[in-house]
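Read the structure below first, then the notes.
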Amino acid sequence: MSQFKRFFTFVLAGMTALSLLAGCSQQSSSGSTSQSQPSSAAPSGSPASSSSENPASKTDAAPSESQPASASSESAPAEPETGKTLVLYFSASGNTKAVAETIATAAGSELYELTPAEPYTSDDLRWTNPDSRVNTEHNDPAHRTAIAGELPDLAAYDTIFLGYPLWWREAPSIVWNFMENADLSGKTIIPFCTSTSDGIEGSVETLRGMAPAANWMQGRRFGENLNESAVTQWVNSLELEADGSSQPAAPEGTSAEPASTGTNALVVYFSVPEDVDTTGVDAIAGASVLVSNGTALGNMEYMAGIIQRETGADSYRIVEQNAYPRDHQPLIDQAQQEQRNNDRPAIAGELPDLSGYDVIYLGYPNWWGDMPMILYTFLDAVDLSGKTVVPFCVHGGSGFSGTIRTIRQLEPGAEVLDGLTISRNSIGGAEQEIVTWVNGLPVNQ
């Protein structure tokens with residue numbers, strides 16, 4: 001019995017030990033499971049865990065809308081530079097060229113001269129000869145003077161000054177040739193011309209019809225004698241922007257003839273240079289014409305040019321509607337007949353607006369002891385009240401005759417000074433006399 005109890009006790013102890021060992025084993029197995037739980041981090045190799053594969057972190061990522069992409073080495077060529085200004089002109093005698101060069105300097109523009117494939121000679125330009133080249137071309141409406149060389153590439157220019165002399169109140173046909181072969185759509189065109197008296201409006205209307213898609217600004221006429229100050233002031237008044245754009249054009253129908261340049265003086269003159277062979281003609285002697293710097297000028301035209309140069313005044317040339325004869329005897333015969341008939345020869349074109357001028361220089365030749373009758377036409381049509389009139393005259397021996405008194409009678413409201421008169425036989429050598437006189441006038445002090 002006692003042996004059985006000892007056996008039973010031994011078995012019970014063994015079972016207890018086995019139970020304790022099983023509990024320890026279960027605890028150890030439970031700890032291992034907790035350490036192998038998946039973490040919340042993504043597995044290695046996933047996009048979220050690898051910055052080297054994350055497109056948002058790459059330096060060559062697609063650009064955002066607020067940051068432009070870098071240029072490609074294979075990008076398209078750059079667009080040509082635009083916004084520049086060009087002064088394009090035709091000049092036969094050099095007058096328009098002088099104005100064009102002054103404009104280019106004032107505007108900081110480039111220059112291009114329309115050059116005829118066949119240059120004009122002095123005989124070609126003799127408009128009083130009905131068989132001359134300019135007359136032949138003018139009489140053929142279909143004629144277009146050929147241009148030498150290639151036309152400029154206008155793509156880079158937004159603003160173009162277009163210059164020319166007036167021939168029969170129009171731009172010469174070489175300018176028409178250019179207009180018909182150039183695309184000026186969207187460009188700003190600023191026309192200018194040189195002329196003794198005719199306005200620019202008619203020629204601009206013709207040119208506008210050749211380039212209706214361009215933006216045409218108000219044009220400007222300049223006289224035959226360059227006035228750099230007047231040209232520069234006009235260019236500055238246009239207020240061209242740095243990119244070549246310009247202020248809006250003046251309203252249609254407005255006129256700038258003669259345009260204001262800031263001066264209060266106007267030189268009005270009448271000159272009829274005779275059509276003589278100027279070969280060998282010096283600057284001292286001549287009937288109604290002299291040669292100055294290689295150019296044939298009427299005596300009054302020459303004198304008016306010096307006055308304009310010294311004073312910076314504007315200029316207006318009185319031109320007859322029906323041309324006077326250019327040969328000496330027929331000219332003086334017609335002048336005498338007009339005087340006997342007390343005629344009033346018609347003036348070509350519109351008269352100038354004198355409202356902006358305080359001083360009027362009035363120039364004329366002495367014909368048969370009086371002013372030419374076309375001067376009476378002018379004085380009958382204008383009111384010079386309140387203005388200072390400064391006469392100047394070229395004569396053949398009679399001085400002013402009674403013309404100063406006549407002007408005072410016709411314009412009683414004006415102050416008429418005594419003026420300056422010079423013999424036609426000495427006008428070519430009288431430049432310094434004219435300069436001294438005009439600078440000594442009370443109106444120029």
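Please treat every number below as a calculation from the coordinates, not as lab data. Since the structure is predicted, the reported quantities are computational estimates derived from the model, not experimental observations. A quick note on method: Cβ atoms are made from the backbone with ideal geometry, for glycine too, and the neighbour counts reach across all protein chains shown.
Annotations
- Across region 317-327, rounded Karplus estimates of 3J(HN,Hα) from the backbone phi angles (6.51 cos²θ - 1.76 cosθ + 1.60, θ = phi - 60°) give 9, 6, 10, 6, 5, 10, 4, 6, x, 9, 8 Hz, Gly and Pro being marked x.
- Taking every Cα-Cα distance in region 84-237 and sorting them into 10 Å bins starting at zero, the pair-distance distribution P(r) comes out as 11, 43, 37, 9, 0 percent.
- Residue order for Tyr157, Tyr361, Tyr112, fewest other beta carbons within 10 angstrom first, comes to Tyr112, Tyr157, Tyr361.
- Percentage relative contact order, region 265-444, counting C-alpha pairs under 8 Å, at least six apart: 26
- Cα shape, region 265-444, gyration tensor, a/c 1.5 rule: oblate
- Residues Val204, Val267, Val319 arranged by fewest to most Cβ contacts within 10 Å: Val319, Val204, Val267
- Region 288-389 - charge dipole about Cα centre, Lys and Arg +1 at Cβ, Asp and Glu -1, debye rounded to 20: 200
- Basic side chains Lys and Arg get +1 at the Cβ, acidic Asp and Glu get -1 at the Cβ, and with that the dipole of region 265-444 about its Cα centre reaches some 260 debye.
- Dipole moment magnitude, nearest 20 debye, region 84-237 about Cα centre, only Lys, Arg, Asp, Glu C-beta charged: 360
- By the beta-carbon count within 10 Å of each Cβ, the least crowded to most crowded order of Arg340, Arg408, fewest first, is Arg340, Arg408.
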